[in-house]
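*Asks:* First the structure, then my questions, so here it is.
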Amino acid sequence: MADDVGQDKRKQHRARQSGVKAEKKKVKAKKDSNQKEPELTARQRNPKAFAINSAQRAERNFRRKEDLTAKKQHIPIVDQTPDEPPPVLIAIVGPPKVGKTTLIKDLIKSFTRTTVTDIRGPITIVTSKKRRITLLECNNDINSMIDVAKCADLVLLLCDASYGFEMEIFEFLNICQVHGMPKIMGVLTHLDMIKNPKQLRKRKKELKHRFWTEVYDGAKLFYLSGLLHGEYLRNEIKNLGRFISVMKFRPLQWRGAHSYLLVDRMEDITNTDAVRRDPKCDREVVLYGYVRGVPLKQEHMVHIAGLGDARIDELGVIPDPCPLPGTEKKRSLLEKERLLYAPMSGVGGIVYDKDAVYIELQGSHSHKEKTAESSEQEALVSKLIDKKTTIDEQIEQQEFRLFSDGAPIMSKDFKIEEQVNSDEDHEEDSDADDSGLDAASDDEEQPDEFAADDWRGEDSDNEEEDQEDEDEDVSSGDEEYQSLADVKKSAADSEESNEEDDEARILASNMSWKNNLAQKARDAFLQRHSESRNLMRIVYGVYNQGEVKEKQEEDNAEDSEEELGGLFRLASKKQTNLQQDKDIRDKDERCFFEYQSDATRDWLSDANKELIKNCFVTGKWKASEDAENLLKLDDMSDADSEVYGDFEDLETGEQHSGKPKVEADEEKATVDEDAAGPPAKRRMTRVEEENLTKAELMAKKLKLKAKFDAEYDNHGKGEDDGRITGDHSFYEDLKAEAQKQSELNKNEFAQLDNELRIQIEGYRAGLYVRLGFKSIPAEFVENFDASYPVLVGALNMTEENVGYVNCKVKKHRWYKKILKTGDPLIISMGWRRFQTVAIFAKVEDNLRHRYLKYTPNHVTCSMTFWGPITPQNTGFLALQTVRQDQEEMKRLGFRIAATGCVTELDKSSQIMKKLKLVGHPFKIYKNTAFIKDMFNSSLEVAKFEGAKIKTVSGIRGQIKKAHHTPEGSFRATFEDKILLSDIVFCRTWFNVEVPRFYAPITSLLLPPEKKSQWQGMKTLGQLKRERALQNEAQPDSMYTEIVRKPRIFRPLVIPKALQRALPYKDKPKLGPENSKEALERVAVINSPYEQKVAKMMKMIETNYEDKRRREQRETKQRLKKFRAQKRADEASKLKRQKELRKKVSRAISKMRGKNNK
């Protein structure tokens, strides 16, 4: 929706007129025309032939169709694209040495047929009749990558195919996912490094699927096969340019609510004397760029990424340096319409600004062969630029010697007598001082501005021709007539002065026109309005800005023809034209009335009153706007809405009789019928519609509404083709509502004057504006580098404040380290990049934010920091460093530490940390105990009276009162008796303060070689490593071996009464007095006979074991031999069977041979 503006309308499908398919359609159409009802389709004529065979299959087909339809649907968004949109911002992103600069040069050459040698800063080019693009190269710096991701509409992601995707590409994709995903197209380069075709195809497929994993399935990936003479192939660049030209873009949430611009030009307009006195003084800087997003307003504060927040001191719109071509129909752009605007790259036009002049080298085609005339002009301009003094001062210092030994004559001591006389006579005339000529003095000598016989007569035309022949430098501003005073003046000037004197006067006062420009413009404006005789302007204050602009453009076009050397203009010509325009306006205003010479018109006469009667409120207007008619209609509407029946006026007591309801309805019906008129009535013209009364307009609206309701209620019921269709009315209504809202937005201010529209709406997207800032640090100007983007984003009113920001954050799974609470983090959120100190927490079930020391893995947690207030659901990312350090990048790998979004905004924070207070009992009385070592004073005990306490063994208790000795002890009660060895603890929570630290990243203030080395606050670990410091070991934090004394429990004594009541199995049995001694075995000593018997049995066992081992070995050998014999027998058996089969087969074949014979 928003992207249809930037492209041409697609061609309609043209049906095939010949071929097999067309012949079939013709036959089918002829067959259908022979039917009884040719207007019906085949489905309507024979519905049984299209009946459903299977309800399940029909349901599946219906569901599939609806699923496909639902996938194509998206939430309709109101189109906020202006009539003339800003250029599409295309960022070329990639690691070093992948061909970014080469691609930009080839795209510029493809679109504009121009070669740009140095690529610095944004480059805007016209690509088609309705689209411009801005190409921007992104550095290999994470600060630049973040700023580019926030403003780019389309990203060309370059990758070295021979190497693969590098870490910078994945980092940039993650940045885009957080700040709003723009359109991304991948471009593979260096494909010529892979020589094997099979390996090349495999490599393309691998990179394509990896790219789809990161972006989305089906994302476009271009292949640039190689370089030819240092450039990519022309057809490949042309195809890439075509895709860029027809690309559609979906509006992003953050950019749709904020205005921003990418700076493509920067100027320092600080007073040179102040810079000379103090080189480090704050500067006045002017930035230029196209407004994007929503309209920009001067009262809003802006944030310059890499510099900080700033207040706009001056904001104005200037002519578009790269405008779109005209609206005339043509297939392609002309050569002069292929514009290129790249001021930072040394390519662009000459721009006249109110405080500077920018030199052009023959437009965008500046690299052509230079002629002798152009070389001379460039030399003249360069000499003028090198001059440190004005031309007035140079002329005053000129010397002239008549003789070699004579005294020099200074220019400032010499004046012409006529000039001296004119200066004395006209010291108060500012116009004469500005022009430097004596044109004003000649004008004052004339008795009358216009003679009575000099009104578009033949004499004036003849005098014009004579004047043009006599003096070519002075021409009339109007083609039809010329004032007599100017004719006489020009004749006098031609007789009295010559060309040399005029040129000398012009050179002597060519710089005086700059003095008091604002005062002169204000005086001229007041004088012109005070002398005006336009009654419409006097009564209503009507002032048409469009007419003034048209006249100014005509004057500028005429004046440009008479420039001296392409740089200066004759001031007298401008003053003469202004005087003539004023005279013409006076005559235009007088020509509506009869000329009465010097007599004053009598406005009291009826004839003169009739001329201006209808110009006032009480005059006769058209019927729909006339005051009397409107009052009568209001009275009629009040009478129509009265209550039926009689009533009494309570103020006057007068009785009123109401009409019966039936009569009133009949009268209303007759009025409606009269207003509607006959059905065959012709359509009313626009004038007649404007003159309709209020009642007639209401009747017409009611008739149209009834017609619409009748069509809407019967919609879709008349044409039933028998197909099963889903209900998409809700989605269609949403789309229609969004479309209607976009049309209302565009038409709201479309009819207003441009200046008035800017005052109401602001500077809308697509305008080229000039932003002036004061108090900018000098380092921004001194260390300005065009290769680093300067992004200016507008801040809403709430975003200018600073407070506690609560976010939902998750550590990135590719980041190697876990994040620690209290360590400084660099956060990119909204337009800003800043460093802050974050506190992590976990939201519990009771909505308490519990303090966390480290971030959990693969789980989101809460994070609170002190920073700028940002709307909810705004995405952000966190880094620990932005330095481009190779060692640190190797150690970290992936630099994006965490991602998340804003969940809550508050002026305070509530993060609670758990605290365990530990105490020990020193007195115990049944369920009461006295605890010490938990508090330090009785005041602390008083604060915790009634708090819950607990022992390690799980016995719960409560704090009662403080005890006098020792200090800080208290009395507590428990649900059971505790022991002196128990440890008592109390669980408490205390609030953790979030540090108020907020430091914007000021990378643009650093020198060019250090812009990627910005270093903010360091972590405690970094400081200790740099200073080789170690923490002193704390005894409480040391891991020591826990020594516990063995606890001796009393023996279990069962009362005798309980023993008697127990069953037998549970009664304690009588056992040995000492069970350990009973279990000890007694040493046995054998007699000599028993020893001999034992020895004999051992020998028999040994002999038996040996015999068994021999038998086992013999059995194994026997089995081995048996298996070998068995295998041999089976082999011989198979051999015999094989021979037998051969003999049988041979015999069978012989028998078959005999039978065949």
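*Asks:* Using +1 at the C-beta of Lys and Arg and -1 at the C-beta of Asp and Glu, which of PHE930, ILE949, ASN991 has the Cα lying farthest in the positive direction of the dipole of the range 912-993?
*Replies:* It is ILE949, whose Cα lies furthest towards the positive end.
*Asks:* Each label point is 7 Å from the Cα along the Cα-to-Cβ direction; what then is the distance between the points at VAL1082 and GLU782, in nm?
*Replies:* Label at VAL1082, label at GLU782, 10.8 nm between them.
*Asks:* Read phi for every residue in the range 1130-1136 and hand back ³J(HN,Hα) as whole Hz from Karplus 6.51 cos²θ - 1.76 cosθ + 1.60, θ = phi - 60°, with x for Gly and Pro.
*Replies:* Coupling constants for the range 1130-1136: 5, 5, 5, 5, 5, 5, 4 Hz.
*Asks:* Right, something else. Which percent of the accessible heavy-atom area of the range 912-993 goes to carbon and sulfur, probe 1.4 angstrom? List each step's numbers first, then the result.
*Replies:* Details: 2640 of 5060 Å².
Whole-percent figure for carbon plus sulfur exposure: 52.
*Asks:* What are the ³J(HN,Hα) couplings of the range 1109-1123, residue after residue, when phi is run through the Karplus curve with 6.51, -1.76, 1.60 and θ = phi - 60°? Round to Hz, x for glycine and proline.
*Replies:* For the range 1109-1123, the Karplus curve yields 5, 5, 4, 5, 5, 5, 5, 5, 5, 5, 5, 5, 5, 5, 5 Hz.
*Asks:* I'd like the accessible area for VAL1144: 1.4 Å probe, protein heavy atoms, all chains in place, Å² to the nearest 10.
*Replies:* 70
*Asks:* Further question on the same structure: Please list, ordered by chain and number, the residues whose modelled amide H lies under 5 Å from the amide H of LEU89; skip anything fewer than 5 residues away on the same chain.
*Replies:* THR134, ASP153, LEU154
*Asks:* Any chance you could run the full-extension gain for ASN991 through GLU378? It's 0.36 nm times the residue separation minus the Cα-Cα distance, nm to one decimal. Before the final figure, lay out each step's value.
*Replies:* Working: separation 613, 0.36 × 613 = 220.68 nm, distance 7.14 nm.
Gain on stretching ASN991 to GLU378: 213.5 nm.
*Asks:* OK, next. How large is ³J(HN,Hα) for each residue in the range 814-829, as worked out from phi by the Karplus curve 6.51 cos²θ - 1.76 cosθ + 1.60 (θ = phi - 60°), to whole Hz, x for Gly and Pro?
*Replies:* Using θ = phi - 60°, the values come out as 8, 7, 6, 9, 8, 8, 10, 5, x, 7, x, 10, 9, 10, 10, 9 Hz.
*Asks:* Would you mind getting me the FRET efficiency between ASP581 and LEU697? Use the beta-carbon distance for r and R0 = 51 Å, nearest 0.05.
*Replies:* Details: r = 44 Å, r/R0 = 0.86.
Efficiency, from the Cβ-Cβ distance: 0.70.
*Asks:* Taking only protein heavy atoms and a 1.4 Å probe, what accessible area per residue, in Å², does the range 768-815 have with all protein chains in place? Present the calculation step by step, with values, prior to reporting the outcome.
*Replies:* Details: 1650 Å² over 48 residues.
Value for the range 768-815: 34 Å² per residue.
*Asks:* Amide H to amide H under 5 Å from LYS811: which residues, 5+ apart in sequence or cross-chain, H placed 1.01 Å off N in plane?
*Replies:* HIS858, VAL859
*Asks:* Roll a 1.4 Å probe over the protein chains and send me the accessible area per residue for the range 912-993 in Å². Mind showing how you got there, number by number?
*Replies:* Details: 5060 Å² over 82 residues.
Counting only protein heavy atoms, the per-residue value for the range 912-993 is 62 Å².
*Asks:* Highest first, please rank the peptides 767-773, 25-31 by the mean number of other Cβ atoms sitting within 10 Å of their residues. It would help to have the intermediate numbers written out before the result.
*Replies:* Values: 767-773: 20.4, 25-31: 10.9.
Result, highest mean Cβ count within 10 Å first: 767-773, 25-31.
*Asks:* Where nothing but the Cβ of Lys and Arg (+1) and of Asp and Glu (-1) is charged, how large is the charge dipole of the range 912-993 around its Cα centre, in debye to the nearest 20?
*Replies:* Details: 15 positive and 8 negative charges, 44 e Å.
The dipole magnitude comes to about 220 debye.
*Asks:* Estimate the FRET efficiency between THR1115 and LYS1092 by the formula 1/(1 + (r/R0)^6), using the beta-carbon distance for r and 35 Å for R0, to the nearest 0.05. If you can, show how the numbers build up before the last one.
*Replies:* Numbers: r = 35 Å, r/R0 = 1.00.
Calculated value: 0.50.
*Asks:* Considering only protein heavy atoms and a probe of 1.4 Å, how much of the accessible area of the range 17-135 is carbon and sulfur, as a whole percent? Can you show the working numbers first?
*Replies:* On the way: 3930 of 7600 Å².
On the range 17-135, the fraction of accessible area on carbon and sulfur atoms equals 52 percent.
*Asks:* How long is the gain from GLU887 to GLU166 if the chain were fully straight, where each residue apart is worth 0.36 nm and the alpha carbon distance is subtracted?
*Replies:* Value of the extension gain: 257.9 nm.
*Asks:* In addition: With r as the distance between the Cβ atoms of PHE730 and TRP212 and R0 = 51 Å, compute the FRET efficiency 1/(1 + (r/R0)^6) and round to 0.05.
*Replies:* Values: r = 32 Å, r/R0 = 0.64.
Step by step, r from the Cβ atoms, then E = 0.95.
*Asks:* In addition: Here are some pairs, LYS820/LYS948; LYS65/LYS204; LYS977/LYS1069; LYS100/LYS220; which of them have Cα atoms lying more than 27 Å apart in this structure? Write down the numbers at each step before the final one.
*Replies:* Values: LYS820/LYS948 32 Å; LYS65/LYS204 34 Å; LYS977/LYS1069 33 Å; LYS100/LYS220 18 Å.
Too far apart for the 27 Å limit: LYS820/LYS948; LYS65/LYS204; LYS977/LYS1069.
*Asks:* Then there's this: Starting from the Cα of ARG1127, step 7 Å along the direction of its Cβ; do the same at ASP313; then give the gap between the two resulting points in nm.
*Replies:* 10.5
*Asks:* Calculate, in nm to one decimal, what ARG1136 and ASP523 gain on full extension: separation in residues at 0.36 nm each, minus their alpha carbon distance.
*Replies:* Values: separation 613, 0.36 × 613 = 220.68 nm, distance 13.56 nm.
Full extension of this stretch gives 207.1 nm more.
*Asks:* Give the long-range amide H neighbours of LEU324: residues separated by 5 or more places, or on another chain, with amide H under 5 Å away, using H modelled in the peptide plane at 1.01 Å from N.
*Replies:* Amide H neighbours of LEU324: none.
*Asks:* Testing the spin-label approximation: label points 7 Å from Cα along Cα→Cβ at LYS914 and ALA22. State their distance in nm.
*Replies:* 8.2
The values are calculated or read from the model by the stated rules, or taken from the named source; none is laboratory data. Everything quoted here is computed from the prediction, not taken from an experiment. Reconstructed Cβ throughout: ideal geometry from the backbone, glycine too, with neighbour counts over all protein chains shown. Surface accessibility is based on the protein's heavy atoms, side chains included, excluding ligands, DNA and RNA. Shrake-Rupley method; radii C 1.70, N 1.55, O 1.52, S 1.80 Å.
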